[in-house]
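The values are calculated or read from the model by the stated rules, or taken from the named source; none is laboratory data. Worth saying up front: this structure is predicted, and the values here are computed from it rather than measured. Cβ coordinates were reconstructed from backbone atoms using ideal geometry, including for glycine residues, and neighbour counts include every protein chain displayed. In case anyone asks, the SASA skips ligands and DNA or RNA and just uses the protein heavy atoms, side chains included. Shrake-Rupley method; radii C 1.70, N 1.55, O 1.52, S 1.80 Å.
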Amino acid sequence: MLAEEIMINCKKLRIARIIKEFTQTQVAKAIGVTQSHYNKIEKGKRVGSIKTIQAICKVLNISISEILEP
C-alpha cells in the first residue's frame, strides 16, 4: 500500500451509499471514475487513493472516519 492510499471498510462504504440512496454509477460519475473502478473500491478489490476516498465521502456527506478499517 502506498502512502497516498487508504484502507476502508468496504461494507461500511456500501451501507453508507445505500442509506444515502446513491447507485454506484451515481457516485462514480460524481467523483470522476468509472462505475467499474468504484465497484472495485467498494468490494475491496482496489485500494482507493486518499483523494478518491475524500471525494466519495464528500458525495455521500460522511466523514472518512465512518468508513475506515477498525
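Some notes on this structure:
- Inspection of segment 12-24 identifies at least one residue that is within 13 Å of GLU69 (Cα to Cα) and at pLDDT 95 or above.
- The condition of being open to solvent by 30 Å² or more (accessible area, probe 1.4 Å), part of a loop (DSSP other than H, G, I, E, B), modelled with pLDDT of 95 or more and of a type in the set (A, V, I, L, M) holds for only one of VAL33, VAL59, that being VAL33.
- Tabulated pairs, segment 18-29, first assigned to a loop (DSSP other than H, G, I, E, B), second at pLDDT 95 or above and open to solvent by 80 Å² or more (accessible area, probe 1.4 Å), C-beta under 8 angstrom, 6+ apart or interchain: LYS20/ASN61
- Residue that is nearest to GLU5 (Cα to Cα), among those in segment 17-61 that are of a type in the set (D, E, K, R) and in contact with an Asp or Glu (Cβ under 9 Å, 6 or more places away or on another chain): LYS51
- Any hit, segment 39-50, residues being surrounded by 13 or more Cβ atoms within 10 Å (Cβ to Cβ), farther than 16 Å from GLU69 by Cα and of a type in the set (Ser, Thr, Tyr): no
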